[in-house]
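The values are calculated or read from the model by the stated rules, or taken from the named source; none is laboratory data. On a predicted model such as this, the values are computed, not experimentally measured, just so you know. Here the Cβ is made from the backbone with ideal geometry for all residues, glycine too, and neighbour counts use every protein chain on show.
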Amino acid sequence: MTPDTVYVHEPQLEAFVSACCAAYVRLYPANSTETALTAIINDAHEQRLDGYLPEKDSGGRVVSCSPDASNSGRRRALQLVISPPADNRIAQDEIFGPILQIETYTDLDKVIERINHGPIPLALYYFGRDKNEERRVLDRTRSGSVSINDVLMHVAAHDAPFGGMGHSGMGAYHGREGFLEFSHPRTQYRAGWWDPRQALGLVPPHSDKLYARLRKMIRA
């Protein structure tokens, strides 16, 4: 559910990059102690994490949000990869690490088209105050869950259904929906004193009247 890609309106790109790095430095100062990265991220380091980043002159730009460019120690600084080529690994793989892809846009329809062209995401996040634009994005995209002006917090709503769709999974859990998802309602039918099939003439031998009624329904 961690955001892999952020779509930023092109005129706001540099302001977003500055705000993102400022937030990272505030939340993770240089003298902060951090636990070791997960095995998945260590695995990525062994396979050269730089392989996720665009080559020089490939059209992409990489911004490190750490004042320590060496990225020494047990924590790798957040890297913002801006507009990488479509065939770059970060544009194709799910990233389990502190790397964020940033794509700019001028036409929102192109963003919606790109989201719909890929696998259905587990979560989609919309940030903005334009209610019409918000409705437009939510009505024309599909995802497991949605958060507005926040990330991840929809999972904490334990009385609301949570789950994926298509590529990101099927079904939902949490709350009443979760109980129903993992339960099997067992139907039990008990015959009564009156049989509606008999009254409707559906029990063999079938009468000419029934056949006439069926022919009339088919012609209609």
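Which residue is farthest from the chain's Cα centre (by Cα), if the candidates are limited to region 189-220 and must be of a type in the set (Ser, Thr, Tyr) and surrounded by 10 or more Cβ atoms within 10 Å (Cβ to Cβ)?
Ranking the qualifying residues of region 189-220, first place goes to Ser207.
Looking at region 94-109, which of the residues that are outside any strand (DSSP E or B) and surrounded by 12 or more Cβ atoms within 10 Å (Cβ to Cβ) is modelled with the highest pLDDT?
Residues of region 94-109 that are outside any strand (DSSP E or B), as a first pass: 94-98, 106-109.
If we keep only those that are surrounded by 12 or more Cβ atoms within 10 Å (Cβ to Cβ) too, we end up with 95-98, 108.
Working: Ile95: 76, Phe96: 75, Gly97: 77, Pro98: 85, Leu108: 96.
Here the residue is Leu108.
So, in region 132-142, exactly how many residues are part of a helix (DSSP H, G or I), in contact (Cβ under 8 Å) with a residue 24 or more places away in the chain and surrounded by 15 or more Cβ atoms within 10 Å (Cβ to Cβ)?
Quick first cut of region 132-142, residues part of a helix (DSSP H, G or I) only: 132-140.
Filter once more, keeping what is in contact (Cβ under 8 Å) with a residue 24 or more places away in the chain: 133, 136-137, 140.
Okay, now just the ones that are also surrounded by 15 or more Cβ atoms within 10 Å (Cβ to Cβ), so 136-137.
Number satisfying all stated conditions: 2.
Please specify each residue of region 156-174 satisfying the condition of being surrounded by 15 or more Cβ atoms within 10 Å (Cβ to Cβ) and part of a helix (DSSP H, G or I).
If the condition is that a residue be surrounded by 15 or more Cβ atoms within 10 Å (Cβ to Cβ) and part of a helix (DSSP H, G or I), then Ser168 is the only one that fits.
Any residue in region 87-102 that is touching a His at 6+ places or on another chain (Cβ under 7 Å) and in contact (Cβ under 8 Å) with a residue 24 or more places away in the chain?
Of the residues in region 87-102, the ones touching a His at 6+ places or on another chain (Cβ under 7 Å) are none.
Scanning region 87-102, I find no residue that is touching a His at 6+ places or on another chain (Cβ under 7 Å) and in contact (Cβ under 8 Å) with a residue 24 or more places away in the chain, so the answer is no.
Of Leu124, Leu152, Leu108, which residue is of a type outside the set (Asp, Glu) and at positive phi? Step through it out loud before you land on a result.
Numbers: Leu124 fails: at positive phi; Leu108 fails: at positive phi.
Just a single option satisfies the conditions, and that option is Leu152.
How many residues does region 135-156 contain that are more than 21 Å from Asn116 (Cβ to Cβ) and of a type in the set (A, V, I, L, M)?
Narrowing region 135-156 to residues more than 21 Å from Asn116 (Cβ to Cβ): 149-150, 152-153, 155-156.
Then keep just the ones that are of a type in the set (A, V, I, L, M); that gives 152-153, 155-156.
Count: 4.
Scan region 37-50 and tell me whether some residue there is farther than 28 Å from Arg114 by Cα, of a type in the set (Gly, Ala, Ser) and modelled with pLDDT of 75 or more.
There is no residue in region 37-50 that is farther than 28 Å from Arg114 by Cα, of a type in the set (Gly, Ala, Ser) and modelled with pLDDT of 75 or more.
Could you please let me know if Arg129 is modelled with pLDDT of 90 or more, within 29 Å of Arg26 (Cα to Cα), exposed (fewer than 13 other Cβ atoms within 10 Å of the Cβ) and among the basic types (Lys, Arg)? Outline the logic, then answer.
Numbers: modelled with pLDDT of 90 or more: yes; within 29 Å of Arg26 (Cα to Cα): yes; exposed (fewer than 13 other Cβ atoms within 10 Å of the Cβ): yes; among the basic types (Lys, Arg): yes.
So Arg129 fits the description; yes.
Output the qualifying pairs, or none if there are none: Cβ atoms under 9 angstrom, residues six or more apart or on different chains, first residue in region 2-29 and farther than 25 Å from His154 by Cα, second residue loosely packed, with under 14 Cβ neighbours inside 10 Å.
Partner pairs satisfying both residue conditions: Glu10/Thr106; Pro11/Thr106; Val25/Pro67.
Please work out which residue is farthest from Ala156 (Cα to Cα), limiting yourself to region 115-126 and to residues that are surrounded by 15 or more Cβ atoms within 10 Å (Cβ to Cβ) and touching a residue at least 24 places away in the same chain (Cβ under 8 Å).
Taking region 115-126 first, the residues surrounded by 15 or more Cβ atoms within 10 Å (Cβ to Cβ) are 115, 120-126.
From what is left, the residues that are touching a residue at least 24 places away in the same chain (Cβ under 8 Å) are 115, 120-123, 125.
Working: Ile115: 25, Ile120: 21, Pro121: 18, Leu122: 15, Ala123: 13, Tyr125: 15 Å.
Top of the filtered list is Ile115.
Identify the residue in region 143-155 that is surrounded by 14 or more Cβ atoms within 10 Å (Cβ to Cβ) and not hydrophobic (A, V, I, L, M, F, W, C) and, among all such residues, is farthest from the chain's Cα centre (by Cα).
His154
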